[in-house]
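Working notes for the structure below.
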Amino acid sequence: MSGFVTLILALVAGAGLGALYFGGLWLTVRRLADARRPALLFASSFAVRTALTVTGFYFVMDGRWERALAALLGFVIVRQLLVSRLRPAPEAAVRQEGESVRP
């Protein structure tokens, strides 16, 4: 396979790992308010998300720093997209006096 195609595939794999990691984080944060043991939920979610992501990066890079860099770029791109997409609307973030905001 050509080097360029390999780097594109690493970028896509990094984007997939980013979607897995940050999507899992988003789901975890949404469930924290209703969890009986929120610290356990957050810690276990962090451990699973991190283990999957690090393992994925290990296999994607296959000992090549170029692939690791491409995967990291895909990971960061997905992070930026999710942050901009899932950010609350400015009027929803402002609390009115006596009014509580709950997602």
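Values in this text are rule-based calculations from the coordinates and carry no lab data. Computed from a prediction, not measured in an experiment: that's the story for all the values here. Here the Cβ is made from the backbone with ideal geometry for all residues, glycine too, and neighbour counts use every protein chain on show.
General remarks:
- Packing-based exposure ordering (other Cβ within 10 Å, fewest first) of 67, 36: 36, 67
- Residue-averaged [θ]222 nm for the chain, counting only DSSP H segments that reach four residues, each worth -39500 (n - 2.57): -26500 deg cm²/dmol
- Relative to the Cα centre, the charge distribution of the chain, modelled as +1 at Lys and Arg Cβ and -1 at Asp and Glu Cβ, gives a dipole magnitude of about 220 debye.
- Rg and Dmax [Cα atoms of the chain; Å; Rg one decimal, Dmax integer]: 17.5, 62
- Between the listed residues 90, 40, 51, the Cα displaced farthest toward the positive end of the dipole of region 35-90, a dipole computed from Cβ unit charges relative to the Cα centre, is found at 90.
- Percentage relative contact order, region 3-86, counting C-alpha pairs under 8 Å, at least six apart: 52
- Largest GNM mean-square fluctuation across 89, 71, 33, computed for the chain with C-alpha springs under 10 Å, falls on 89.
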